[in-house]
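First comes the structure, then the notes that go with it.
The values are calculated or read from the model by the stated rules, or taken from the named source; none is laboratory data. As the structure is a prediction and not an experimental result, all values here were calculated from the model. We place every Cβ from the backbone using ideal geometry, glycine too, and count neighbours over all the protein chains shown.
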Amino acid sequence: MSWMSTVPLLAAAAALIVLPGGLVAWLWGARGLTLWGTAPVVSIAIASAGAVATQLAHVRWNALTYVGVTVAVLLVSFVLRLLWTLARRRTLRPTTGATALTRPAYHWTSLATVLAALGVPLVVIGVRFAQIFGHPDGISQTYDNVFHQNALQFIDQTGRGSSLTLGTLDASSNAISFYPAAWHDIIAVINSALPVNGIVATNLGNLVIGALVWPATSVLLTRTLFGFRPLLLIATGVLSTGFGIFPYLLVDFGVLYPNFLGLVLLPAVLAVIAHLLRLSTNLTRRPVRDLVLAASGLTALMLAHPSVGLTLLAVALPFVLVWSLRLTWRLPLAVRPLRLLAGLVAPAVYLLALATAWNSFRPSKAASFWPPLGSVGQAWGEAVTSSPLGRPVPLLIAVLTVLGVAAIVRWRSLPGYCLLAATAITMWFYVVSAGFAKDDVRDAITRVWYNDSYRTGAQLAIMTLPVAACGAAWLAGALWSWLAGRIPTGSPQRTTVTALAGSAVLTLALFLGTSDASVTDEQNHATDTYRLTDQSQLLTTDEAALLKRLPAKTPADAVVAGVPGNGSALAYALGDRTSLLMTASATPSGVESVLYTRLGKITTDPEVCGAARELKVTHVLDFGTQEINKMVHTYPGFANLAQNSGLTLVDSEGQAKLYRLSACDQ
């Protein structure tokens, strides 16, 4: 399969991610960039919440169910919107002239601006992602991808995609085992709707999320905070391609697909909140619409990954504080200290709620083992220059970020000041994880991200992007003014020529300026993690070939045992056969331990076959001792499988071998 042959599939995947939420957002009054930026957010909310609801109702989760849930949401939205409209008509007096629903007159330059702002990153990021994945069926050779791919197969086979139970990958259990499944739910929809497997669905979905959704949400945030400024929106779109730390890092490291999805959606949700709090520029106020979109956004983020939802709550704090002070300053209180006190009530309540959520959604200490990377000073330098984790400095973005701070101060933009504060908050989180000592203070602040500087580093780009775009627009505006002065005033083409030339030069300059080592190094590294070779760190060429033959070599109800960290756990995702241990870090317990410690005695110890029958294990995979992330698991039962007389070789490819537990046939 080539990338050219996937163009129709990519279009279909884009429709599945954008269209359902777009219909709901449109029904609630979203239009233009607001509609384009929030449509994926609402779609993800529908998918993730819908998967929870349908499982509780004992209905399988798939593309058809997704459509059904969307229709139900549309019907409920239509009824509520109708009731709201009727209620408003009873309370509002008729008016003449323009109303809040009057459509603004759009110039052709507005369309050109949007096409440039969204079209350039669509092509650039799309091509880079395609190069990273290598082929549509390129698989990420990373630790977490074992779970991700097996989870997709699990949803496809069982129809169970609820975030409340996905953590166990156990169809027989309804016990709460929370795992944020929004990414898995929407990719499972693509998988069931299109004639592709889970690996291809993963790459199609991620390409759409990175190349289509990420620029749209970022442009929406910039437009909301600073208004429709063509140079600013174009700069945002082009610069969204220039951070090595995002979106490329999170399809490389981990691999952190759930965090990737959440951070892509975050700018749109913050834009909705800013608009709701009246910290936006020249936009019609629609509080009901914004409340619906904000609720959808928070649902989507918390079910994409709770840590991203907490990031949103943290970066929204400056907006809440400013909104509260502005609101209470207008209260009819004679004494100014009373106004100030009243203005602190809402932020205090917000901080209390934030602290409660911060403490409630933290992972365990055992899982939050990531150490600091250096000193506080070094971490601050990396944060300010958008070069965390010792990555190359994106020089142009670093310079534009400084200029962006100056531009926002020069513009005296209150939403811009809130953005700067939000940017400082994300930088501080990175400094804590990367530079603070490994103690309780650091643990209290950044354990929500597992104390992992890759996660806190990736989210730097989310807030830095609009700041750098402000710097680019401010600098470009000065240059364009100079250029306009060189064109004769009497020329009727003066405005058109200046706009076209300026936009073209800005786009080209920013693209060239951001195609530096910070992007190319990350792209090259990510490319390596998707290559299937004889020496791949998770799954080799031979092992992958053997797994693809499992359906022909084993019964449909076969359960396969193996050392999960060496890639054998992917028997479920790639070979359509249940793996006894489903994640790279899974360790045998209970009856499973009998097989892993005493399989070598299968011909003399009757408990071994007893355990195999209880677990329904019929086959064993031997993929050698190489494990992902240099893990080492030495199980006595899996030593010298080739010399085990109770096993029969069924299939082999190079050093990869599949055995049947023939001693247990009787």
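Take Ser296 and tell me if it is within 17 Å of the chain's Cα centre (by Cα), closer than 30 Å to Ile139 by Cβ and in contact (Cβ under 8 Å) with a residue 60 or more places away in the chain. No; evaluated as a whole, the condition is false for this residue. The lone criterion from (1) crowded, with 21+ Cβ neighbours inside 10 Å; (2) over 17 Å from Trp358 (Cβ atoms) left unmet by Pro392 is number (1).
Would you kindly identify the strands (runs of 3 or more DSSP E) lying entirely within segment 614-666 that contain at least 2 residues that are surrounded by 21 or more Cβ atoms within 10 Å (Cβ to Cβ) and modelled with pLDDT of 95 or more?
Details: elements: 617-622, 648-653, 656-660.
Hits in segment 614-666: 617-622, 656-660.
When the residues of segment 413-430 are filtered to those that are in contact with a helix residue (DSSP H, G or I) (Cβ under 6 Å, 6 or more places away or on another chain) and of a type in the set (S, T, N, Q), which remaining residue is nearest to Ala379 (Cα to Cα)? Among those that are in contact with a helix residue (DSSP H, G or I) (Cβ under 6 Å, 6 or more places away or on another chain) and of a type in the set (S, T, N, Q), it is Thr426.
Out of Gly227, Gly210, Gly254, Gly205, I need the residue that is closer than 27 Å to Tyr454 by Cβ, surrounded by fewer than 24 Cβ atoms within 10 Å (Cβ to Cβ), not hydrophobic (A, V, I, L, M, F, W, C) and not assigned by TED's automatic domain parsing to the domain that holds Leu547. Which one? Please lay out each step first, then the result.
Working: Gly227 fails: closer than 27 Å to Tyr454 by Cβ; Gly210 fails: surrounded by fewer than 24 Cβ atoms within 10 Å (Cβ to Cβ); Gly205 fails: surrounded by fewer than 24 Cβ atoms within 10 Å (Cβ to Cβ).
Exactly one residue qualifies, and that residue is Gly254.
Of Leu581, Leu574, all but one fail to be at pLDDT 95 or above and part of a helix (DSSP H, G or I); the exception is Leu574. Based on what the data block shows, is Lys548 in contact with a helix residue (DSSP H, G or I) (Cβ under 9 Å, 6 or more places away or on another chain), within 22 Å of Asn145 (Cβ to Cβ) and basic (Lys, Arg)? Criteria met by Lys548. Taken as a whole, the condition of being under 23 Å from Lys438 (Cα atoms), surrounded by 21 or more Cβ atoms within 10 Å (Cβ to Cβ) and modelled with pLDDT of 85 or more does not apply to Val292. Considering the conditions (1) part of a loop (DSSP other than H, G, I, E, B); (2) within 30 Å of Gly134 (Cα to Cα), Ile44 is excluded by exactly one of them, (1). Here Gly29 clears all of (1) touching a Lys or Arg at 6+ places or on another chain (Cβ under 8 Å); (2) at pLDDT 95 or above except the condition numbered (2).
Would you be able to say whether some residue in segment 136-159 is farther than 26 Å from Ala39 by Cβ and aliphatic (A, V, I, L, M)? Don't jump to the end; show me each part of the working.
Here is the first cut: in segment 136-159, the residues farther than 26 Å from Ala39 by Cβ are 137-147, 149-150, 153-154, 157-158.
Next, only the ones that are aliphatic (A, V, I, L, M) stay: 139, 146.
Yes, there is a match, as at least one residue in segment 136-159 is farther than 26 Å from Ala39 by Cβ and aliphatic (A, V, I, L, M).
Going by the structure shown, is Arg410 in contact with a helix residue (DSSP H, G or I) (Cβ under 9 Å, 6 or more places away or on another chain), among the basic types (Lys, Arg), assigned by TED's automatic domain parsing to the domain that holds Trp323 and part of a helix (DSSP H, G or I)?
Numbers: in contact with a helix residue (DSSP H, G or I) (Cβ under 9 Å, 6 or more places away or on another chain): yes; among the basic types (Lys, Arg): yes; assigned by TED's automatic domain parsing to the domain that holds Trp323: yes; part of a helix (DSSP H, G or I): yes.
In short, yes.
For segment 157-189, a residue qualifies if it is more than 16 Å from the chain's Cα centre (by Cα) and among the hydrophobic types (A, V, I, L, M, F, W, C), and the qualifying residues are Leu164, Leu166, Leu169, Ala171, Ala175, Ile176, Phe178, Val189. Screening Leu293, Leu301 for residues that are touching a Ser or Thr at 6+ places or on another chain (Cβ under 6 Å) and either of a type outside the set (S, T, N, Q) or within 30 Å of Ile186 (Cα to Cα) (or both) leaves exactly one candidate, Leu293. Restricting segment 547-581 to residues that are surrounded by fewer than 19 Cβ atoms within 10 Å (Cβ to Cβ) and among the charged types (D, E, K, R), the residue that is nearest to Gly138 (Cα to Cα) is Lys548. Ala295 satisfies every condition listed in (1) among the aliphatic types (A, V, I, L, M); (2) touching a Leu at 6+ places or on another chain (Cβ under 7 Å); (3) closer than 24 Å to Ile17 by Cβ except (2).
Residue check: Gly477 meets all listed conditions (1) on the phi > 0 side of the Ramachandran plot; (2) modelled with pLDDT under 95 but one, namely (1). Just wondering, is there one or more residues in segment 415-425 that are free of Cβ contacts under 8 Å to residues at least 12 places away in the same chain and either among the hydrophobic types (A, V, I, L, M, F, W, C) or touching a strand residue (DSSP E or B) at 6+ places or on another chain (Cβ under 9 Å) (or both)? Yes, the conditions are met somewhere in segment 415-425.
Identify all residues within segment 587-613 that are in contact with a Pro (Cβ under 6 Å, 6 or more places away or on another chain) and surrounded by fewer than 19 Cβ atoms within 10 Å (Cβ to Cβ); write none if there are none. Write out each step before concluding.
Looking only at segment 587-613, we keep the residues that are in contact with a Pro (Cβ under 6 Å, 6 or more places away or on another chain), and these are 596-597.
Thr597 - this is the single residue of segment 587-613 that is in contact with a Pro (Cβ under 6 Å, 6 or more places away or on another chain) and surrounded by fewer than 19 Cβ atoms within 10 Å (Cβ to Cβ).
Consider segment 592-613 and keep the residues that are without any contact (Cβ under 8 Å) to a residue 60 or more places away in the chain and not in a helix (DSSP H, G or I). The one that is farthest from the chain's Cα centre (by Cα) is Thr604. Apart from one condition, Ala182 fits all of (1) surrounded by 24 or more Cβ atoms within 10 Å (Cβ to Cβ); (2) modelled with pLDDT under 95; the exception is (2).
So Leu283 clears everything in (1) touching a His at 6+ places or on another chain (Cβ under 8 Å); (2) farther than 30 Å from Gln149 by Cβ; (3) modelled with pLDDT of 95 or more; (4) of a type outside the set (Ser, Thr, Tyr) except one condition, right? Which one? Failed condition: (3).
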